[in-house]
Each structure stands twice: as structure tokens, then as C-alpha cells.
Amino acid sequence: MSEAQASGHCCMPSVAGQSVGDAGRVQPPRQQADPADPPDPADPADPADVLLPGGEFLMGAEDPDGVAGDGEGPVRRVRVASFRIDAHAVSNARFAAFVADTGYRTDAERLGWSYVFAGFLPAALRRGAARPEATPWWCAVGGASWREPEGAGSGVAGREDHPVVHVSWYDAAAYAAWAGKRLPTEAEWEYAARGGLEQRRYPWGDELDPAGEHPYRCNIWRGVFPTRNTAADGYRGTAPVDAFAPNGFGLYNMSGNVWEWCADWWAVGHQGRPDRPLVNPQGPPDGTRKVIRGGSHLCHASYCNRYRVAARTANTPDSSSGHTGFRCVASAP
């Protein structure tokens, strides 16, 4: 395990202390989306949601392959109330509808840059890009945003059904408010990801690639990270939001594809025990980082195996990157 991996926050670099020319120093006031005009429920771009009846489950893991310092354990019994959750992550098409309705500008657009994986960039742009010291496969690219995921001149044409990326926690929360929803608590997210299975490593069981006609169940890095991705699972970058088989609750891509923001502030000291449930835990009242869950298409066992359902990490709420998105939930009546 590398030093960066052990730190617990290697998977998604922070905007803190990084700038890209003048753009990195210009920070106009953050925009608030108007939640008074929610989307039309009949809108075909709106992701279908799934009603989960709530209940108790064992949250966390004491996995020997877990990341030291991430606070995956101890295993504790948690009870969550009924809620509705998007069947898949918010897509580029759905986020575009939100922007068209509100005129919202994301943090990456306000700042003028975001993080892009170096392997997706032409050599000239890679050579000139600022990179975080601990994770040099990330490049701070001027003009990168949800509209232009690889920087100026790129676009999302043909990727309308892929998850929106380059969105900060603030951006995700603004979209959720507009949609009349909210971001999931970390407990809700893990309850949903497990799909009714107890203490399994992945949403489908304990084997990453089960034997069978369709062995691949998620979009992660296949090959040698960070230099060669075989794309054996079908994708070098993001995949459509409904790619691969859903879990037992009918939810897609709860492992891999893109990281997903949760409502909770980050903490590693958890209360609770297996025989006495915590009820609807919300996380700490404040902090400096927000929880992200699920792993992404850049995760690989040799460096970051955080595509396990108990795995977790965090980033500052104003940070964004090309492998982080979100899905929404709503409390059930």
C-alpha cells in the first residue's frame, strides 16, 4: 500500500492549494439553484427511483483488504427509515436539463478548471498541466467541466447517458434541491448498495468477477494502473448509468464507474455495535470533507480497491474531477 493510499484520500484530489493560471484565483459567489421549479415527473430524462422500505443492516466491514485509516469498521448495526433512491447516477442529459432550467454554473466552471485523468489527454496538454504531487496521474486542466470533461474542445455528445462528472458536492446538492430531493446519508447509500445482502464485499456477492457468461459486474480499471487499462469490462472511461446488471434492489453501478457524493461530513470514529442499532445516523455536525462512496472506473486493486461496498473516502465539498458524480434520494412518506 502506498503512502498516498494509506492517507485515505488518494482517490480524488482536492482543489485546495491548486490553481491554473488566473482561473484558479477567480472565485465568484457560489450560485444557488432555485428549488421552486422542480422537474416534470413525466420527464423521460428524470432517473427512475426505487422505493426502499428501510430496515436494519450491518454497516461497515473489518476487511483485511480494507484501506488503513478509512474508518470502514467497526461493523455496526444500523437502522434506516424508508426512502426513495435514484436507480442510477444522474446523467449528463439530466444535469443538462437542470442547467437549462436554472442557468446554474458549477464550481469547476466558476474556478475555470477541474481534474482530468492524464491518460485521457493529448501529450502536449499532459506535459504542461499542474499535477498533485501524491497522485501525478491527475492533471489540473483549464476549461474542464461537466460540459467539456477532457477540457476545451471536448464534449459529452454520445455520452448523454453517462454519469455527469466534474461536479462538486455543492453542485450535487444544488441539483438535488432543484429536483425536490437530497443527497443520501452514508448509511442510506451503503444500505442501498448492499442490495439486501449482508456483509458481502460487493453488491452482488464476494467475488469481483463471478464465473459465468457475463463475469464483469462493474466498471473499474483492468490492467496495470495507471499506465495500461485493457478495458476488458468494455470501458476505458465512464460507462452508461445503467450499464451492467443491477443489484438486488434494482440499483445500477453501486460499485465502480463514478464516485458518488453523500450528505455526511467525513469521520473515522464510528459509534455503534452489532447488537444495538444506530437509527438513521447522519454523520458529524460539521467538518472539512464530505464522504464519497462506490469507487470509480479508475480504481484498481493494486492501488485503490475502494469499489467494495464498505469502502469509503472523502474530499472537500468544492472539489471536482472526471470520475465523481452523484445520485439522489428522497425520504418516503
| request: Indicate the gyration tensor shape class of segment 68-163 (rounded, prolate or oblate), computed on the Cα atoms with a ≥ b ≥ c the square roots of the eigenvalues: a/c under 1.5 is rounded; otherwise a/b larger than b/c is prolate and the rest oblate. | output: oblate
| said: For a protection proxy built on the mean count of beta-carbon atoms within 10 angstrom, sort 252-261, 74-83 highest first, please. | reply: 252-261, 74-83
| field | Amide H contacts under 5 Å for Gly325, placed H, 5+ residues apart | value | Trp259, Glu260, Trp261
| Among rounded, prolate and oblate, which fits segment 154-309 when a ≥ b ≥ c are the square roots of the eigenvalues of its C-alpha gyration tensor, a/c under 1.5 means rounded, and a/b larger than b/c means prolate? | oblate
| task | Read phi for every residue in segment 304-312 and hand back ³J(HN,Hα) as whole Hz from Karplus 6.51 cos²θ - 1.76 cosθ + 1.60, θ = phi - 60°, with x for Gly and Pro. | result | 8, 9, 7, 8, 6, 5, 8, 6, 7
| request: If a/c stays under 1.5 just call it rounded; otherwise compare a/b with b/c (prolate if a/b is bigger, oblate if not). Do that for segment 103-245, with a ≥ b ≥ c from the square roots of the Cα gyration tensor eigenvalues. | output: oblate
| field | Candidates His270, His166, His323, ranked by Gaussian network fluctuation over the chain, Cα under 10 Å, top entry | value | His270
| Check Ala311: other-chain or 5+ apart residues with amide H under 5 Å from its amide H, H built from backbone geometry? | none
| query | Around Leu125, with a cut-off of 13 angstrom between Cβ atoms, what is the net charge of the other residues, counting Lys and Arg +1 and Asp and Glu -1? | reply | +1
| Per residue accessible area in Å² of the chain, where ligands, DNA and RNA are left out and the probe is 1.4 Å | 41
| remark: Rounded to the nearest Å, the spacing of the alpha-carbon centers of segment 106-144 and segment 295-333 is 19
| With θ set to phi - 60° and the Karplus curve 6.51 cos²θ - 1.76 cosθ + 1.60, what are the ³J(HN,Hα) couplings of segment 316-333 in order, to the nearest whole Hz, using x for Gly and Pro? | 5, x, 9, 8, 8, 6, x, 10, 10, x, 5, 9, 10, 9, 9, 5, 7, x
| Given the options Val116, Val224, Val90, which has the most mean-square fluctuation in a GNM of the chain, springs set between C-alpha atoms less than 10 angstrom apart? | Val224
| said: Just to be sure I understand: with springs between alpha-carbon atoms less than 10 Å apart, which residue in Leu58, Leu125, Leu111 has the highest mean-square fluctuation in the Gaussian network model of the chain? | reply: Leu125
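Using the Cα centre as the reference, give the magnitude of the dipole from point charges on the C-beta atoms of the chain (Lys, Arg: +1; Asp, Glu: -1; all else neutral), rounded to the nearest 20 debye.
Its charge dipole is roughly 580 debye.
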| query | Taking all protein chains as present, what is the carbon and sulfur share of the accessible area of the chain, in % to the nearest whole number, probe 1.4 Å? | reply | 51
| 13 Å beta-carbon shell around Gly322, net charge (K/R +1, D/E -1) | +1
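Below 10 angstrom from the Cβ of Ser331, what's the summed charge of the other residues (Lys, Arg +1; Asp, Glu -1)?
That sum, taken over residues with Cβ under 10 Å, equals +2.
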| task | Determine the calculated [θ] at 222 nm for the chain from helices alone, applying -39500 (n - 2.57) to every DSSP H run no shorter than 4 residues and normalising by the residue count; nearest 500 deg cm²/dmol. | result | -3500 deg cm²/dmol
| note | If N is the residue count of segment 224-281, its Cα Rg over 2.2 N^0.38 Å rounds to 1.64
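The values are calculated or read from the model by the stated rules, or taken from the named source; none is laboratory data. These figures come from a predicted structure and were not determined experimentally. Neighbour counts run over all protein chains shown; Cβ positions are idealised from the backbone, glycine included. Keep in mind that these areas ignore ligands, DNA and RNA; they rest on the heavy atoms of the full protein, side chains included. Shrake-Rupley method; radii C 1.70, N 1.55, O 1.52, S 1.80 Å.
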